[in-house]
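Only one structure is covered here, and it is reproduced in the block below.
Bear in mind these aren't lab numbers, they're just calculated from the coordinates by the rules spelled out. Bear in mind that the values here come from a model prediction, so they are computed numbers and not experimental data. Note: ideal-geometry Cβ built from the backbone for every residue, glycine included; neighbour counts use all protein chains shown.
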Amino acid sequence: MTKAKVAILISGRGSNMMALLYASRLPDSPYEVVLVASNDPEAPGLPLAAAEGVPTFAHSHKGLDRVSFDAIMDAQLRAVGADYVALAGYMRILSTEFVASWEGRMLNIHPSLLPKYKGLDTHGRSIVAGDSHAGCSVHLVTAELDDGPVLGQVPVKIVPGETPDSLASRVVFAEHQLYPKVLADFVRRDTHPEWLLSKVREFALALPETEEKASHGSPGFFVSGGKFFAYFSYNHHHDGVTGLLVKTSGVEEQAMLIDRDPDLYYRPAYLGPSGWIGIRLDRGGNDWEHIADWLQKSWRLSAPKRLTKMMNIADAF
Ligand code: GAR
């Protein structure tokens, strides 16, 4: 299995980053850490990552507006081909542009049992409130601060005489257990057939006048009044492969694609001779924009003229 590429953003000590990094070095980890980046060139976590052979990048945010700074970070993340971003003590408010471009692929760890105590001084506030437990949460990052869907939590008992520092020193142990596990589960989800089908369905059914119908045991997508343009293939005839079958312009393009990237493309058993191509979905780290493009291309080859005519006109502008 290809490992998903994770970039980690830090601002300080980087202990969560190191927990993620060492977990990635276990034999069955579904992800690898391809970059550790920081908005603070002095962040103590940077040399630790570098010592472990992980590429690092630092650029101070000082003197830059939020959008320009985030664009610098974004360019680094794209350059290393990151599939996911893990924020680990990254003390920056993110621009809406940055959040939008990593939507659904950026996680954060926060030292409280969300939705309680968003923002700073989480431990002090939980002690003052008389809570029985503090804790930590890993969540997906959305435009609102510390507000995205929670993916996992660990509670930590607040003991008599607790101070914010004593509590923080225990919560961090819980964080180091939680984050690698949640990240690994999240990344693995990318190879689950059910989840893959839901993603394919989302993109396919977003195309005009598209419907779904099972065909020879596989979920298929067709343009109403037109033909099938995509099939979701799961272990078809026990081939052990989860893939998407779409149309190409013909067997020449099909052969060229397989030649160019034989790990990604394959010739499907029955539709192969008619120029269809199989795209592997089960390798992890799928490029969904690319898959959506294929669906659209195949849709165009199958849709009736009255529908494609409008698209061709729109393309001309
Ligand atoms: C962690 O406790 C993390 O939960 C917190 O910063 C610390 C970073 O420690 N994050 C936030 O407060 C984000 N709102 P680390 O640098 O040792 O991982």
Relative contact order [Cα under 8 Å, 6+ residues apart], the chain, whole percent: 13
Unit charges on C-beta of K, R, D, E only; dipole of the range 142-290, Debye: 480
Residue exposure sequence - L26, L64, L196 - by fewest surrounding Cβ within 10 Å: L26, L64, L196
Average projection area in nm² (convex hull over Cα atoms of the range 267-317, one quarter of hull surface): 4.8
Radius 13 Å from Cβ of K213, net charge of other residues (Lys, Arg +1; Asp, Glu -1): 0
Unit charges at the beta carbon, dipole of the range 248-317: most positive-side option, S274, V251, P304: P304
Ranked list, fewest to most other Cβ atoms within 10 Å of each Cβ, for S60, S218: S60, S218
Computed magnitude of the charge dipole of the range 1-89 (debye, nearest 20; Cβ of K, R +1, Cβ of D, E -1): 40
Kirkwood Rh (inverse of mean 1/r, distinct Cα pairs), the range 87-213, angstrom: 16.4
Where only alpha carbons of the range 199-288 are counted, the Rg and the Dmax (Å): 12.8, 34
Dipole moment magnitude, nearest 20 debye, the chain about Cα centre, only Lys, Arg, Asp, Glu C-beta charged: 520
Stokes-Einstein D for the range 65-127, Kirkwood Rh over Cα pairs, 10 °C, 1.306 mPa s (µm²/s): 120
Hull shadow area, averaged, the chain [alpha-carbon convex hull, nm²]: 20.1
Convex hull volume per residue for the range 1-91, taking Cα atoms only, in Å³: 80
Order of M18, M311 - criterion: other Cβ atoms within 10 Å of each residue's Cβ, fewest first: M311, M18
32 Å Cα-Cα threshold exceeded, pairs from K213/K305; K62/K199; K157/K181; K5/K227; K3/K297; K199/K227: K62/K199; K5/K227
The range 150-165 versus the range 69-101: alpha-carbon centroid distance in Å: 29
Charge dipole of the chain about the Cα centre (unit charges at C-beta), most positive-ward option of F232, A4, I72: F232
Cα centroid separation - the range 268-311 against the range 40-65, whole Å: 41
